[in-house]
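The values are calculated or read from the model by the stated rules, or taken from the named source; none is laboratory data. Bear in mind the structure is a predicted one, so any value in this text is a computation, not a measurement. Neighbour counts are summed over all protein chains in view; Cβ atoms, including those assigned to glycine, are modelled from backbone coordinates with ideal geometry. Keep in mind that these areas ignore ligands, DNA and RNA; they rest on the heavy atoms of the full protein, side chains included. Shrake-Rupley method; radii C 1.70, N 1.55, O 1.52, S 1.80 Å.
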Amino acid sequence: MTSTTSTTKTVDHWIGGKSVEGTSGTYGPVTDPATGAVTTRVAFASAAEVDTAVAAAKAAFTTWGQSSLAQRTSILFRFRALLDAHRDEIAELITAEHGKVHSDALGEVARGLEVVDLACGINVQLKGELSTQVASRVDVSSIRQPLGVVAGITPFNFPAMVPMWMFPLAIACGNTFVLKPSEKDPSASMRVAELLTEAGLPDGVFNVVHGDKVAVDRLLAHPDVAAVSFVGSTPIARYIHTTAAANGKRVQALGGAKNHMLVLPDADLDAAADAAVSAAYGSAGERCMAISAVVAVGAVGDELVAKIKERAEKIKIGPGNDPSSEMGPLITAAHRDKVASYVAGAAAQGSEVVLDGTRYTVEGHPECADGHWIGLSLLDRVPVTADAYKDEIFGPVLCVLRVDTYEEGIALINSSPFGNGTAIFTRDGGAARRFQLEVEAGMVGVNVPIPVPVGYHSFGGWKDSLFGDHHIYGNDGTHFYTRGKVVTTRWPDPSDAPAGVDLGFPRNH
Ligand code: NAD
């Protein structure tokens, strides 16, 4: 998987079932966010190297696309067992390059495994439909077939889980896959590639090319790439969707988010405060399903903010490989500084700064002096015009907005350009039901702050949080990675009278 120089290790590409050294001469740095040290360099693929990976995937498709469901699922079952056995190892790779705490990294592997579980049962999902005797001696069957070579382009914040939202179902459906993971934390996907090969996946069915816009743009333009799955920020998602669609590809592009949590006056405020803190500051806020805006209805605001503050102050920040740490660093120093700038400018834009985490140093870990650290920030009475509310900050900054009524709250949420996840906290079933129907978001939690659907339901947002028609994994995933074919069959009986010529449009009778 890697080669080592005197100072750093190198992450190479994975093409045709083996590690392939980069030839472009371009590399990117991979940093341990806890220490700030560059630990690894990752090869950046040229367009020609992407072409090599797509060619390997195309060649593999000729046999993999024809392979039996039994063959595919037996490999996936073996892969599932290997992944399960290597959870800790993959979580350690994630922590070393992303920074999230080990328990959180383990959680991401577990949620990725759910989609592998689903892929192991692809035979059920692909069993098609048959209608007999739709007309005299005529049967109709609907089948779904793989697309060919499909590409996945993934973000830094879930280096194991988000690729697993894509490739298990894609390859289970008979496609071959080229993954372009985030260049910031590339090692987990290489270990997954090794495990797939160990599970018996034929060479070329799963390939990994690392890199930046050069590699992505080649995948978007390559005539042999049939479909593109993307997860990342909204501006890039929009670009991917537009470009891939213009090039005739099927595309699903999941973007960024601003997830609201509506707290009604009758809510259990302790449960709501626990949920808000967990969902806002978990993974240092670097989750697309993080709660970043709490909307407090009526008189609950003061008590709720006090309870959130009390809990947030107790969160232990430290390196992800220290079991006592609850929150790790941010991905880069530049991102940390950008997150801090929202808090620094908050008061001038009308917010009350309840907690200011911008100046933070980790105690007890001298090796972490240059890490990308930031503390927890809590902003209250945030105006909807403030940058901290309008932008996806993607850091440990929670905004609280105050409204007088449910109606005002839902209008506020629905005016957001994002529509990824949202949640309501209440004891009123009628209000919760109304919220489910009225809110403009793809994933809704009722007293559940991070409503990430299980693997056999689909994940996806609305509005600027998803471009394309399909959500990811679940039934939508199988649908995205296959195309339909309908076969209409007549087997006449020898006793039938000849049908004769009939130029009329065929009717069933
Ligand atoms: P990003 O958009 O910067 O990068 C995502 C991928 O796109 C990476 O592989 C990157 O190399 C590539 N890329 C970046 N710039 C590009 C360009 N100009 N042209 C072509 N490719 C480019 O996102 P990120 O910072 O890695 O991840 C964080 C973002 O992802 C957040 O906005 C978060 O909300 C979002 N996200 C969304 C979901 C979801 O399900 N909706 C899930 C996870 C993360």
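Details
- For region 259-446, a crude dipole built from +1 on the beta carbon of Lys and Arg and -1 on the beta carbon of Asp and Glu, taken about the Cα centre, is about 160 debye to the nearest 20.
- Within a straight-line Cα-Cα reach of under 18 Å, K127 can be paired with the following lysines, leaving aside sequence neighbours fewer than 8 residues apart in one chain: K485.
- Residues Q133 and K18, FRET efficiency given R0 of 41 Å [Cβ-Cβ distance, rounded to 0.05]: 0.20
- Taking label points 7 Å from Cα along the Cα-to-Cβ direction, E408 and R434 give a separation of 1.5 nm.
- Highest-first arrangement of 126-133, 262-269, 156-163, where packing means the average Cβ count within 10 Å: 156-163, 262-269, 126-133
- By the Kirkwood approach, averaging reciprocal distances over each pair of separate Cα atoms, the chain gets a hydrodynamic radius of 24.2 Å.
- Between the beta carbons of I143 and S103, assuming R0 = 51 Å, the FRET efficiency works out to 0.75 to the nearest 0.05.
- Annotation: per residue accessible area for region 259-446 equals 39 Å², rounded to a whole number [probe 1.4 Å, protein chains only].
- Per-peptide average of other Cβ atoms within 10 Å, ordering 353-366, 443-456 highest first: 443-456, 353-366
- Positive dipole terminus of region 259-446, leading residue within H365, L401, G445 (C-beta point charges): G445
- A Förster distance of 35 Å, applied to the separation of the beta-carbon atoms of A347 and T242, puts the FRET efficiency at 0.35.
- Among the listed pairs K184/K258; K258/K390; K184/K463; K307/K390; K184/K249, those beyond 18 Å (Cα-Cα): K184/K258; K184/K463; K307/K390; K184/K249
- Here the chain is assigned +1 on the Cβ of each Lys and Arg and -1 on the Cβ of each Asp and Glu. Its dipole about the Cα centre then comes out at about 1360 debye.
- Rounded percent of accessible protein surface that carbon and sulfur make up, the chain, 1.4 Å probe: 54
- Angle in degrees between helix 69-85 and the longest Cα principal axis of the chain, rounded to the nearest 10: 20
- In the chain, the longest principal axis of the Cα atoms and the axis of helix 187-198 are about 30 degrees apart.
- The angle between the Cα long axis of helix 161-172 and the longest principal axis of the Cα atoms of the chain comes to about 10 degrees, rounded to the nearest 10.
- Computed per residue of the chain from DSSP H runs no shorter than four, each worth -39500 (n - 2.57), the mean residue ellipticity at 222 nm is -11000 deg cm²/dmol.
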